[in-house]
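Here is the structure we will look at, set down as structure tokens.
Throughout, read-outs are computed from the coordinates displayed, never taken from laboratory work. Everything quoted here is computed from the prediction, not taken from an experiment. Cβ sites come from the backbone with ideal geometry, for glycine too, and all protein chains shown count toward neighbours.
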Amino acid sequence: TIFTILIPMAEGAEALVGDLEEEEPLQGRVGETILVVEDDDSVRQLLVAVLTEAGYGVLTARDGEEGVRQFRANPGEVALVLTDMIMPRKNGREAVEEIRSHAPGTRALYISGYTDDIIGLRGGETGEVPLVLKPVNPSELLRKIRELLDAPTAESVRAQ
């Protein structure tokens, strides 16, 4: 069954639509690979689709332990770790801490379907790592990733 709903455009809305269409697409750059660590298959597949469509290289893992193994198996390749907070075997915080013990300064972004309060109660404080709540808006996710990847690293700030 297909439903088509046609709603007349409000007066002056053409200008707003034009502004939306002019927004610059948030694209990955050559050599930017994101490690997606997510235990839910459908969410992981959705994230992979959004990221590859935006031009990022993508590696995947089903839990924190597999995420750490993937990171170690691809040294110097991962630009950012995108990880769920609450997962079996090793949560996102533990995985990022272990990854950063081997590669300090690794950029990370947490995603979670839980609010900050519940994450804290379950031992998954986000600390200095930014958090995006599920359901994830693809534009918001890509904007946050681009912001993190474009931010200066501690090493580049010290070099200036």
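Remarks
- Distance between the 7 Å Cα→Cβ label points at Leu133 and Leu148: 1.8 nm.
- Counted residue by residue at 0.36 nm each, then reduced by the alpha carbon distance between them, the extension gain from Ala49 to Glu97 reaches 14.6 nm.
- Amide hydrogen proximity for Val132: with H placed 1.01 Å from N in the peptide plane, the residues at 5 or more positions away or on another chain lying under 5 Å are Tyr110, Ile111, Ser112.
- In Hz, Karplus ³J(HN,Hα) per residue of the range 49-61 (6.51, -1.76, 1.60; θ = phi - 60°; x = Gly, Pro): 4, 4, 5, 5, 4, 7, x, 7, x, 9, 10, 10, 8
- Long-range HN-HN contacts of Thr60 with modeled amide H, under 5 Å: Val36
- Here's how it looks for Arg107: its modeled amide H is under 5 Å from those of Val81, which are all 5 or more places away or on a different chain.
- For the range 92-99, putting each phi into the Karplus relation 6.51 cos²θ - 1.76 cosθ + 1.60 with θ = phi - 60° gives couplings of x, 4, 4, 5, 5, 4, 5, 4 Hz, in residue order, rounded to whole numbers and with x for Gly and Pro.
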